[in-house]
Each structure stands twice: as C-alpha cells, then as structure tokens.
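Encoded as structure tokens, the structure appears first; notes follow it.
The values are calculated or read from the model by the stated rules, or taken from the named source; none is laboratory data. In this text the structure is predicted, and so the values were computed from the model without any measurement. All Cβ positions, even for glycine, are placed from backbone atoms using ideal geometry, and neighbour counts span all protein chains on display.
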Amino acid sequence: MNTKRWVAIFLAAALFLTGSAVSLISTVFSTNLEDLFATPERGFEENIIEEGNGQGKIAVIHLSGVIQSNYDTPSLFQSPGYNHRTFLKKLDAAAEDPNVHGVVIRVNTPGGGVVESQEIHDMIVDIQDDYEKPVYISMGSMAASGGYYIAAPAERIYANPQTLTGSIGVIMQSINVAELAEDLGIHSEVIKSGPYKDIMSVTREMTEDERAILQELIDESHELFVDVIDNGRENLSRDEVYELADGRIYSGSQALEAGLIDGLGHFEEVLDDIREDVGRGNLDVVEYQSHLGLPSLFSVAAKSVFSDQLQLYGMKEWMQQNQGPQLLYLYTN
C-alpha cells in the first residue's frame, strides 16, 4: 500500500475519532452526569411533559421500530430502537402505579413478531380489564400489521389522516438461491432426521407438501389476528373483519371510514380526550423515556460520523440474528 493511501486512511480515522469525541462530549455536557452513568433498574425514566392539577397522571409510552425481541441487547454500533423487554416493563409500571389513571401508547411501527405482538396485546387487555385503566392508541406515520394488532383491544384508536395502518395479515418469507448456486457450482449437503427438517431451505425448491404445512401455520395466525379485531372492535362483524383483513394498507381516513379506528386527531387531541374520559380534570402527563446511557451516546455519535458503514454493519447483524423463517405480523414494502 503506497504512502498516500496510508495517509488517507489515517486522516479518515482521525476525522472519525474527532467527530465522535465532539458529539459525545457535547451530549455529555448537556446530560446530567449522574443520569449518564446510572442504570435505572426499570430501564426507563419518568418525565413530566405537561403539568396538570397534581391529582394523578396520564402515562405516555412510545412504541417505535420493528416489534422484535432480537434487539433487546443492542451493540454499541446499533442505533437505539425498540426494546421489547423494556416496553413490557413500561406497560407493567403504568398498570401498577396507582397514580396513573390512563395510558396513551404512541405507535409508529410496521409491526413485527407474532409472539411479541401477542404479548403486548395481552398486557393492554390486562391494563383495561384487571386495572380498569383506559388505553388509548395514538398512531404516528405508520401503525401497520402488528402495529394494528396491538391497537385493536384499546379503548380508543386515533390516527392522522395520512397514517399508514391496516396490513392485517401474516407473512413468512425467505429467498431461494437454488438456481444461482447451481450456476456457481455450489451444492448443499443436508443430513436430516425427517423429510421436513430443512423446510424453507434457500438452496432448493419448496415441495407442495411443505407449502401446505406452512400455509396451515399462516392461516392459524391469521385467524388469531381476526379474533383479536373481532373481540376488540365491537362495531365490526366478523365477516367485515375478514373483508378488511386481506393484507392491504389503509390511510388513517380510510381506516376511520372502515371502522378500524375511532377518530382522526393529533397526539395533543388524544391527550385531551383521555383526560376527559378519565374525568379527573387536567391530569399531569408523564412520558416513560428509555434511559440514555453511555452505549447509546456512543452509538449516536458513531452514527453521525460513520452512518453508511454502520448501515451495512446493521444489515449484517440483522441477517445473523434472523437465520430462519419467522411468522410475522409485519408490513413489508
């Protein structure tokens, strides 16, 4: 390698380290040092975003990103995002806190895992049935598939007219590289205990028997999705749900017309409505914010300087974590 190339590499490394240091230092000085190095047992903090009469609280919880438990322990180079375990803790805290009289979940997600969506759905049902606290959903730019699944049992659902929601259905997918492998002279050797052990293998065509087995799984999960909407949306008959549940997406306005949501409104309007519903006057509004620790600060700084490379790294990490096909309530475009 010639001298000029070594100099270029050295300069790039120096710029990266300098930029990261500046970003990190500026963030540190704008953050309480005690909070920076502390690790709350719950994994999140409660902050007042609107002061009210002090007679109780409305808890605001954000659900952003793909609903998947794979990202519960992000690496230093991964951007902070959805953490399933922490999100469930937030729901549990809102349920257990006697001063919380209502919950608003701000949803911005294309959906995600079938199991994770089911866990959130069940907790929302428990908050309303066992703790008798209303849960309102405020949809952001997207609340599709699993995002709608978790919204269905809520007391009321609101969206922006341009929100993308719906995508009611289940998907399982993989790629097939059999022809490419054959062209490249690559052959897969598989030793298996039964004929279906390597079902959905990427190196061979799927058989009709295998397709039937997987379709049965898909149909079972889809039926559960229909059950959730049928139970949660009393204004819709089961036949109407089946008609809506063909996988298409809806705008917020279309969803309102179809009966999938209760109203159109911004986040602040949702807060006004739940306060009125609770009937305790102008309650405080608190937000459960995930803790911003040193790893998160490092990842933010790294992303600002090294964004393109980190996207490639994140894609590689995602592929390593998702080796097999999964049942998903997920909108993919």
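All of GLY147, GLY140 fail the test of being closer than 19 Å to TYR82 by Cβ, in contact (Cβ under 8 Å) with a residue 24 or more places away in the chain and surrounded by fewer than 23 Cβ atoms within 10 Å (Cβ to Cβ), apart from GLY140. The number of residues in the stretch 103-119 that are over 12 Å from SER64 (Cβ atoms) and either more than 12 Å from the chain's Cα centre (by Cα) or touching a residue at least 60 places away in the same chain (Cβ under 8 Å) (or both) comes to 9. Restricted to the stretch 72-98, and to residues there that are among the acidic types (Asp, Glu) and at pLDDT 95 or above, the residue that is nearest to ILE124 (Cα to Cα) is ASP92.
Checking the stated criteria, THR165 turns out not to satisfy the condition of being surrounded by 12 or more Cβ atoms within 10 Å (Cβ to Cβ), among the polar types (S, T, N, Q) and over 19 Å from GLN118 (Cα atoms).
Return yes or no: is SER237 more than 23 Å from the chain's Cα centre (by Cα) and over 26 Å from GLY112 (Cβ atoms)? So SER237 fits the description; yes. Each residue in the stretch 87-112 was checked for being surrounded by fewer than 21 Cβ atoms within 10 Å (Cβ to Cβ), closer than 28 Å to TYR331 by Cα and out of contact with any Asp or Glu (no Cβ under 7 Å at 6 or more places or on another chain), and 4 of them qualify. The residue list VAL125, VAL170, VAL177, VAL135 contains one member that is of a type in the set (A, V, I, L, M), surrounded by 14 or more Cβ atoms within 10 Å (Cβ to Cβ), under 27 Å from the mean Cα position of the chain (by Cα) and more than 30 Å from GLY102 (Cα to Cα), which is VAL170. Exactly one residue out of VAL60, VAL107, VAL125 is modelled with pLDDT of 95 or more, part of a strand (DSSP E or B) and closer than 17 Å to GLY232 by Cβ: that is VAL107. Taking the conditions exactly as written (modelled with pLDDT under 95 and assigned to a helix (DSSP H, G or I)), does ASP308 satisfy them or not? Considered against the rule, which asks whether it is modelled with pLDDT under 95 and assigned to a helix (DSSP H, G or I), ASP308 comes out as yes.
When ILE168, ILE157 are checked against the criterion of being touching an Asp or Glu at 6+ places or on another chain (Cβ under 7 Å), in contact (Cβ under 8 Å) with a residue 40 or more places away in the chain, closer than 19 Å to TYR250 by Cα and not hydroxyl-bearing (Ser, Thr, Tyr), a single residue qualifies: ILE157. Condition check for ALA255 on (1) small (Gly, Ala, Ser); (2) surrounded by fewer than 20 Cβ atoms within 10 Å (Cβ to Cβ); (3) part of a helix (DSSP H, G or I): one failure, at (2).
The number of residues in the stretch 259-285 that are part of a loop (DSSP other than H, G, I, E, B), touching a residue at least 24 places away in the same chain (Cβ under 8 Å) and surrounded by fewer than 17 Cβ atoms within 10 Å (Cβ to Cβ) comes to 5.
Annotation: of all residues in the stretch 200-232 being over 25 Å from the mean Cα position of the chain (by Cα) and in contact (Cβ under 8 Å) with a residue 24 or more places away in the chain, the one that is nearest to SER117 (Cα to Cα) is MET200. Among all residues of the stretch 211-224, there is at least one that is at pLDDT 95 or above and touching a Pro at 6+ places or on another chain (Cβ under 9 Å). Considering (1) surrounded by 18 or more Cβ atoms within 10 Å (Cβ to Cβ); (2) more than 22 Å from HIS121 (Cβ to Cβ); (3) not aromatic (Phe, Trp, Tyr), the lone condition that ILE229 does not fulfil carries the number (2).
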